[in-house]
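Read-outs: derived from the displayed coordinates by stated rules, not from any lab. Everything numeric here is computed off the predicted structure, so don't read it as measured data. Because the Cβ atoms are built from the backbone with ideal geometry, glycine has one as well, and the counts that use them run over all protein chains shown.
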Amino acid sequence: MEIMRSYKNIFNLVSDGVYIRKDETIIFSNTAASKILTGCSSNNLLGLNIYKIIRPKEEYMQTYNKFLQDIEDGKEVKSIYLKVIRNYDGKEIDVELSGRKIVYYDEEAYLQIIKNVSEKLQAQRYLEEYKRSQQLLKEAEDTERAQRDFFTNLSHELRTPLNVIMSIVQLQDQACKSDDFTSLKGRYKKYNEVIKQNCYRLLKMINNVLDLSKIEAGYLKLHLENRDIVSTVENITMSVVDYAKSKGINIIFDTDTEEKIMAFDVDYMERIILNLLSNAVKFTPAGKNIYVTIKDLVDTIIISVRDEGEGIPKDKQEAIFDRFIQASCHCSKRKTGTGIGLSLVKSLVELHNGAIKLSSDVGKGSEFIIYLPYTLVKEKERTEVSCHKLQDNKEQISIEFSDISNLDS
């Protein structure tokens, strides 16, 4: 008995709750167990039914029953976590429970160790919430910085063509005062081309910003028609070939199917393909190639635009479709633009219930791959019949390529 009292005194110094039960009745406990199980260390637990003291919450009953079964089967269970309710005060606490089968006074019994981990778990939750809030704060700061950079860049892009136009207007004003006005016809023609080019740049930026805003607000609707996607993409591509050749770049078109009638918006498909081709031309040096390919997977059409340009670093690829990130990987003077074109492309593709992915290696080029689901619309479901003519898209090409054309002037 003296030895048992010594053991009990030792157990009372332990901060973890220790109790021994026979069947459901507690036959030994230390003061820490009384504190954890009842909220008061002076309460005597001997002879009490464990279920009269605490009960696991319903969602933890299966875990608790397995724990009991395992130790009854002779297994040592090192730890399980439960939410339990103390019957003494009705308080809900988090506990860590471990146990094993033992022999106590020559009889089979079960030793269980219980820890109140409520404060520990609460601290972990606070830490996780703090980390989440810090992450959200960082994301908000990154977004704010990206937006600030975007609007700084946008204001610059808007100001540049306006400054060019204003300068030419001033030159024309001076020329009008000249006595030899008629001899300036050739110079005026060049001035008008520059004005037109910069007007296209402004129009492209305004169109992109407005369309993105409409998409985000849910106002932009597709005008779906059943058309041949193969000939549509081929015609758009071929319309750019001469321009690309003037830059020393070859455009190669290839398809594994001659025709695929499906539902899509012809006008916005042109915007998508021209935007991708514009990016490809912008970042591809003379003497290199751009490949446009179509693959028919029956229920999906894959359209790929691949260039042999400078490529995009891996750490920039995730954000490439963000409206505030520019596509180029180098901030050279030649690579101008607001960076919202690819964001618009992604949004337009997704409006077609499609997806777009990027594959790129620095120094090897980039490939944008569009996945469009094969669908058809019934005659009565057509939202609007487009009067768009692909062979007459010179102005659209001028708009989409406007931030390249004047760079070499």
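Okay, here's what the table says:
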{"read-out": "Size of electric dipole in segment 2-116: Cβ of Lys, Arg +1 and of Asp, Glu -1, about Cα centre, debye, nearest 20", "value": "320"}
{"read-out": "Residue 259-residue 128 pseudo-label distance in nm [points 7 Å out on the Cα-to-Cβ vector]", "value": "5.9"}
{"read-out": "Reachable aspartates and glutamates, given that their alpha-carbon falls under 12 Å from the alpha-carbon of residue 57 and they are not under 8 places away in the same chain", "value": "92, 94"}
{"read-out": "Relative packing of peptides 15-25, 305-315 - highest average C-beta neighbours within 10 Å first", "value": "305-315, 15-25"}
{"read-out": "Flagged links, alpha-carbon separation over 20 Å, of 214/260; 35/91; 52/75", "value": "214/260; 52/75"}
{"read-out": "Ranking of 133, 398 by count of other Cβ atoms within 10 Å, fewest first", "value": "133, 398"}
{"read-out": "Sequence ranges 341-352, 69-80, ranked by mean other-Cβ count within 10 angstrom, highest first", "value": "341-352, 69-80"}
{"read-out": "Listed residue pairs exceeding 29 Å between alpha carbons, taken from 78/120; 189/288; 66/131; 295/346; 316/394; 22/115", "value": "189/288; 66/131; 316/394"}
{"read-out": "Between segment 37-108 and segment 249-279, the Cα center-to-center distance that results, in Å", "value": "68"}
